[in-house]
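Chemist: One structure, as structure tokens, below. Some questions next.
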Amino acid sequence: MLRKRTVRALIAGLLCAFALLARPSVAAPPVYKVVDLGVLPGGDQSLGFGIGYFASAVGRSTNASGHNEAFYWAGGSMFGLGTLPGYTDSVAEGVTEFAPFFPVIVGYSFNTLVPDDSRALVSVFGFMLDLGSLGGPNSRAHAIAGQGFIVGESQLAQAPPDIRHAFRTQPFSFLNPLTDDLGTLAGADSSFATAVNNGAQVTGQSGGHAYRTAPFSKINPATDDLGTLGGSFSIGFGINQAGIVVGLSNTADISPTTGEPIDHAFLADATGMHDLGTVPGYENSSAAAINDLNQVVGIIGNAPPDFHAMIWDSTHGMRDLNTLISPRLGWLLQAARAINNRGQIVGWGLHHGRLHAFLLRPSRTVPLHSPRNA
């Protein structure tokens, strides 16, 4: 009798195990919700470049005239910012906010038919102003810190258009050629700045290499060159409040498909430059931004146009953001350009085949202490 009960129990256990194995697998719930930022009236394409603490976004959209126009998106609506007088197009790349719907936005206006014709702009509460230059006619602004430092690059006085220097303004100030020129790395004649933190540390590129300045300092050729991942080229695209820089660098590896050096995203902290790798199936990666939780966003890809948006953190490594949203939404996320301290992400992708800016909202938002550290 005992033996029969034992056999019955074993059979019952095996049947339960097979029943569990036969159940269809349940897909993990999406990590992010996707918001289509749309386009300006009459436009058909948009790209998202910057994000504020309050989930506002900035970028550019085509408009009814067929030109690119800087936009500010908040509360479910996209607002066109216009252009500076004498220019046909504009783009907004950075934003900081005092409160919802009270942004300071930076970018530049340009003429599509005139090469190297651009001018840095700042839009304050809907009023677009010329930020100025380092003496030459052309300039561009790319980022603004919560404390109001604005960075970009400008042509110098009496210099050809391709000779430009990185700049950093004083807080919420126009460009001053006497104080704002950041200089270059050794042997370089040009530089540009892509990002700045509240401590006035700046990153960008000079002479083909990424750099990171000390707080409130100009580029120091002896200390600020971040080097490369084994190749000849690197560029810093993002910096957080801890001074950690992310960007792109050549590696020593050559692509068997293109014959070109393979590019990888990097993270540069106090210990040096670290290769963030890529996602299986993709040769290249690039990091565009980092927040104060050390979450990094950017792009993975092979030959154009095979690009996907990515996110990296120290726990999960690098992941394709398309695997973290519902596949039923009709999105192909192509590029992630900015991430705030709530983990919200702005970029662009194809939504049912249309190129649109997007905002990703995590399923659970992480609150931080200060909205000025967005």
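The numbers here are math on the coordinates, done by the rules we state, and not lab data. Just so it is clear, the model here is predicted, and its values are computed rather than measured. Here Cβ is always computed from backbone atoms with ideal geometry, including for glycine, and neighbour counts include all displayed protein chains.
Chemist: Dipole magnitude of region 118-202 about its Cα centre, charges +1 at Lys/Arg Cβ and -1 at Asp/Glu Cβ only, in debye to the nearest 20?
Modeler: The dipole of region 118-202 has a size of about 160 debye.
Chemist: Which value results when the Cα radius of gyration for region 241-290 is divided by 2.2 N^0.38 Å?
Modeler: 1.22
Chemist: If I take the Cα coordinates of region 146-211 and project them onto the principal axes, what are the three extents in Å, biggest first?
Modeler: Per principal axis, max minus min of the Cα coordinates gives 31, 25, 15 Å.
Chemist: Let me ask something else about it. What number in nm² do you get for region 239-338 if you take the convex hull of its Cα atoms and divide its surface by four?
Modeler: 6.8 nm²
Chemist: Still on this structure: Given the options Ala214, Ala336, Ala64, which has the most mean-square fluctuation in a GNM of the chain, springs set between C-alpha atoms less than 10 angstrom apart?
Modeler: For the chain, modelled as a Gaussian network with Cα springs under 10 Å, the answer is Ala64.
Chemist: Now, a different point. At 10 °C and 1.306 mPa s, what whole-number value in µm²/s does Stokes-Einstein give for the translational diffusion of region 109-225, with Rh from the Kirkwood sum over Cα pairs?
Modeler: Calculated translational D: 113 µm²/s.
Chemist: Across region 236-246, in residue order, what do the Karplus-derived ³J(HN,Hα) couplings come to in whole Hz, using 6.51 cos²θ - 1.76 cosθ + 1.60 with θ = phi - 60° and x for Gly and Pro?
Modeler: Residue by residue, region 236-246 yields x, 10, x, 8, 9, 5, 7, x, 7, 9, 10 Hz.
Chemist: Per the helix-only calculation at 222 nm, which mean residue ellipticity applies to the chain, given -39500 (n - 2.57) for every DSSP H run of n ≥ 4 and division by its residues, nearest 500 deg cm²/dmol?
Modeler: Dividing the helical sum by the residues of the chain leaves -2000 deg cm²/dmol.
Chemist: Please work out the Cα convex hull volume for the chain and give it in Å³ per residue.
Modeler: 185 Å³
Chemist: Please state the relative contact order of the chain as a whole percent: Cα pairs under 8 Å, 6+ residues apart?
Modeler: Relative CO of the chain lands at 13 percent.
Chemist: Specify the inter-centroid distance of region 201-266 and region 32-90, based on alpha-carbon positions, in whole Å.
Modeler: 29 Å
Chemist: Quick check: net charge around Ser139, other residues with Cβ under 12 Å of its Cβ, Lys/Arg +1 and Asp/Glu -1?
Modeler: Values: positive: Arg119, Arg140, Arg164; negative: Asp116, Asp117, Asp130, Glu153, Asp180, Asp181.
Local net charge: -3.
Chemist: Write down the radius of gyration of region 203-294 and its Dmax, each obtained from C-alpha positions, in Å.
Modeler: Cα only, region 203-294: 13.2, 44 Å (Rg, Dmax).
Chemist: Compute the Kirkwood hydrodynamic radius of region 85-143, taking the inverse of the mean of 1/r over all pairs of distinct Cα atoms, and give it in Å to one decimal.
Modeler: This gives a value of 11.8 Å.
Chemist: For the chain, build the charge dipole from Cβ charges (+1 Lys, Arg; -1 Asp, Glu) around the Cα centre, then report which of Leu134, Asn340, Ile262 sits farthest towards its positive end.
Modeler: Among Leu134, Asn340, Ile262, the one farthest towards the positive end of the dipole of the chain is Asn340.
Chemist: Over 5 Å intervals from 0, what percent of Cα-Cα pairs in region 263-312 sits in each interval?
Modeler: In whole percents, the pair-distance histogram is 5, 22, 31, 23, 12, 6, 2.
Chemist: Still on this structure, I have one more. Roughly how big is the chain's charge dipole about its Cα centre, with Cβ charges of +1 (Lys, Arg) and -1 (Asp, Glu), in debye to the nearest 20?
Modeler: 2300 debye
Chemist: Report the gain in length on full extension from Asn220 to Asp117: 0.36 nm times residue separation, minus Cα-Cα distance, nm rounded to one decimal.
Modeler: Numbers: separation 103, 0.36 × 103 = 37.08 nm, distance 2.92 nm.
Length gained, Asn220 through Asp117: 34.2 nm.
Chemist: Under unit Cβ charges (Lys, Arg +1; Asp, Glu -1), what dipole magnitude, rounded to 20 debye, does region 137-279 have relative to its Cα centre? Provide the component values of the computation, followed by the final result.
Modeler: Values: 5 positive and 12 negative charges, 85 e Å.
Charge dipole of region 137-279: 400 debye, to the nearest 20.
Chemist: What residues qualify as long-range amide H neighbours of Met310, i.e. H under 5 Å apart, gap of 5 or more or another chain, H built at 1.01 Å from N?
Modeler: Result for Met310 returns Gly298, Ile299, Ile300, Leu321, Ala336.
Chemist: Across region 47-124, what fraction of all alpha-carbon pairs, as a whole percent, falls in each successive 5 Å bin from zero upward?
Modeler: Going out from 0 Å in 5 Å bins, region 47-124 shows 3, 18, 29, 25, 15, 7, 3, 1 percent.
Chemist: Binning every alpha carbon pair distance of region 225-266 at 10 Å from zero, what are the percents per bin?
Modeler: 31, 46, 18, 5
Chemist: Okay, moving on. Return the loop-located chymotrypsin sites (Phe, Trp or Tyr not before Pro) in region 161-244 (DSSP other than H, G, I, E, B) with at most 15 other Cβ atoms within 10 Å of their own Cβ; answer none if there are none.
Modeler: Answer in residue order: Phe172, Phe174, Phe216.
Chemist: Could you state the angle between the C-alpha long axis of helix 2-22 and the longest principal axis of the C-alpha atoms of the chain, as a value from 0 to 90 degrees rounded to the nearest 10?
Modeler: 30 degrees
Chemist: What ranking of Ser232, Ser191, Ser217 emerges when the number of other C-beta atoms within 10 Å of each C-beta is taken as an exposure proxy, fewest first?
Modeler: Result, fewest neighbours first: Ser232, Ser217, Ser191.
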